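These notes are about the structure you will find just below.
Since every read-out is calculated from the coordinates, none of them should be taken as a lab result. Note that this is a predicted model, so its numbers are computed, not measured.
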Amino acid sequence: MRVLENQGKGAGGEIQLTDAMAKMIGTQPFHAVTFDGARYDCGSKVGFVEATLAIALARPDMGPEVRAIALNLLK
């Protein structure tokens with residue numbers, strides 16, 4: 001989206017994709033997909049850790065080990 005090149009900062013001092021999309025309304029078609037799942041705010045350090053931990057815990061190949069590590073850290 002070329003509009004992002006000149007997009008000023010929005011909420012939270014971040015470049016907001018939704019602000020850029022709003023500028024494009026009426027100039028090109030938009031398509032959407034309904035999403036049913038967990039949403040994580042990876043724009044913050046804590047949100048990134050939350051997303052990483054949630055994904056790791058959901059993986060059968062590493063979930064049990066990550067859970068044990070987290071529980072050990074929480075002692």
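Quick notes on this structure:
- For Gln16, residues with placed amide H under 5 Å, excluding near neighbours: Gly10
- Under Karplus coefficients 6.51, -1.76 and 1.60, residue-wise ³J(HN,Hα) of segment 61-73 in Hz, glycine/proline x: 7, 9, x, x, 5, 5, 4, 4, 4, 4, 5, 5, 5
- Size descriptors for the chain (Cα atoms only): Rg and Dmax, in that order, 18.1, 55 Å.
- For segment 25-34, 3J(HN,Hα) per residue [Karplus equation, 6.51 cos²θ - 1.76 cosθ + 1.60, θ = phi - 60°, Hz, x = Gly/Pro]: 4, x, 9, 7, x, 10, 10, 9, 10, 6
- Evaluating 6.51 cos²θ - 1.76 cosθ + 1.60 at θ = phi - 60° for every residue in segment 5-16, the Karplus couplings come out as 4, 10, 6, x, 6, x, 3, x, x, 10, 6, 9 Hz, glycine and proline recorded as x.
- Straight-line reach from Lys23: taking Cα to Cα under 25 Å and skipping same-chain neighbours fewer than 8 places apart, the lysines in range are Lys9.
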